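**Q** If you scroll down you'll find the structure; I have some questions about it.
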Amino acid sequence: MPIQDQTSQLRRVLVRPPVAEDLGAWARYGWRARPDPACAADEHAGFRDLLSAAAAEVVVGAAPVPGDPDAIYAYDPTLLTDRGAILLRPGKPGRRDEPVAFAKDLAVAGIAVLGEVTEPAVAEGGDFFWLDETTLLAGRGYRTNDTGIGRLRDLLTPAGVEVIAFDLPHQRGPAECVHLMSFISPLDRDLVVAYAPLMPVRLYELLNDRGIELVEVPDEEFGSMGPNVLALAPRVALALAGNPQTHRRMEAAGVDVRAYTGEEISRKGDGGPTCLTRPLERG
């Protein structure tokens, strides 16, 4: 099942619907406001419908992670490779139970475990994305440390994968940390959407050297997750509603933009469409 790819046709994807009881811990997990459980459930159902409409098989994870509202953000606990899943170790302490639970969901979906990241390493999925089949980009920040990146290199180098790491910006510090994918998302093999002011210089240069064009997110749409976009297929994007300038700029670059409502499941918990999904198969 090819998955070392961020933009080909999405064939299969894992999601985890919100659990009303777990959403009660929203303040302890740093959510911006109390989510409405019924509205959150409706939004997530609509989100799943859009994935299905894009011809993706939607796998619904059900292994419990009691008291953890962040467990709906399925991208972070694992990294998927063509040889299986790597269980990560989140830098956010409250999310440490997620990888074991997600391993159960992956097993049900027929996905093997290739390896895992263990203490003292930390790594969160939002700090990694596939630039191409043999290049994994990594963000070194408050949720992913050097040891975590080193562990992924140990697992992936034998398979011919180069892991290229970049320091992430401090911005507002550990309490409101920035993932790599907080400011950049691939749209096609030669196109990304990104908030340029936060991009490391070496990352900007790498994209330029590889002929990858940039759709720039305006300042006023960075905080509303303008750069957090899920590629459903080459130049077909699922994006959070409410970032009109970014959507128009993507459309001008030939991208078919499909928007979902995420006031409860995205804006209040700072998790966009990439965060809400763990792609299992593309191609």
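Every number in this text was worked out from the coordinates using simple rules, so none of it is lab data. As the structure is a computational prediction, the values presented were derived from the model and not from experiment. As a convention, Cβ positions derive from the backbone with ideal geometry for all residues, glycine included, and neighbour counts pool all protein chains shown.
**Q** Loop-only check: which trypsin sites (Lys or Arg not before Pro) in segment 134-175 are DSSP coil with at most 10 other Cβ within 10 angstrom?
**A** R172
**Q** Now, a different point. What is the extension gain from C39 to V201, computed as 0.36 nm multiplied by their sequence separation minus the C-alpha to C-alpha distance, in nm to one decimal?
**A** 54.3 nm
**Q** Another question, if that's okay. Using Cα centres only, tell me the gap between segment 129-154 and segment 199-274 in whole Å.
**A** Their Cα centres are 21 Å away from one another.
**Q** Just to be sure I understand, if you calculate P(r) over Cα pairs in 10 Å bins from 0, in percent for this structure, which of (1) 6, 23, 25, 17, 14, 10, 4, 1, 0; (2) 6, 28, 33, 20, 8, 3, 1, 0, 0; (3) 7, 32, 41, 20, 1 do you get?
**A** Given (1) 6, 23, 25, 17, 14, 10, 4, 1, 0; (2) 6, 28, 33, 20, 8, 3, 1, 0, 0; (3) 7, 32, 41, 20, 1, the calculated one carries the label (3).
**Q** Related question: Just check segment 108-216 against the gyration tensor rule for me: Cα atoms, a ≥ b ≥ c as the square roots of the eigenvalues, rounded for a/c under 1.5, and otherwise prolate or oblate depending on whether a/b exceeds b/c.
**A** Oblate is the answer for segment 108-216, as a/c is 1.5 or above yet b/c matches or exceeds a/b.
**Q** Could you check the spin-label model distance between D190 and T147? Points 7 Å from the Cα along Cα→Cβ, value in nm.
**A** It is 4.3 nm.
**Q** Right, something else. Taking 0.36 nm per intervening residue step and subtracting the Cα-Cα distance, what contour gain separates R83 from R28 on full extension?
**A** 16.2 nm
**Q** Here is a follow-up. What distance in nm separates the simple spin-label points at V100 and E176, each placed 7 Å from Cα in the Cβ direction?
**A** For the pair V100/E176, the computed spacing is 3.4 nm.
**Q** Starting from 0.36 nm per residue, how many nanometres of slack lie between D209 and A53 once their C-alpha separation is accounted for?
**A** Length gained between D209 and A53: 52.6 nm.
**Q** Please list, in chain and number order, the residues 5+ apart from V215 or on another chain whose amide H is under 5 Å from its amide H, with Hs placed from the backbone.
**A** Under 5 Å from the amide H of V215 lie the amide H atoms of V192, V193, A194, each far enough along the sequence or on another chain.
**Q** Let me ask another. Tally the DSSP beta bridges in the chain and give the antiparallel ones as a percent, rounded to 5.
**A** Among the beta bridges of the chain, antiparallel pairing accounts for roughly 50 percent.
**Q** Grab the DSSP H runs of the chain that are 4 residues or longer, score each as -39,500 (n - 2.57), total them, divide by all residues and round the 222 nm result to the nearest 500 deg cm²/dmol.
**A** For the chain, the value works out to -6500 deg cm²/dmol.
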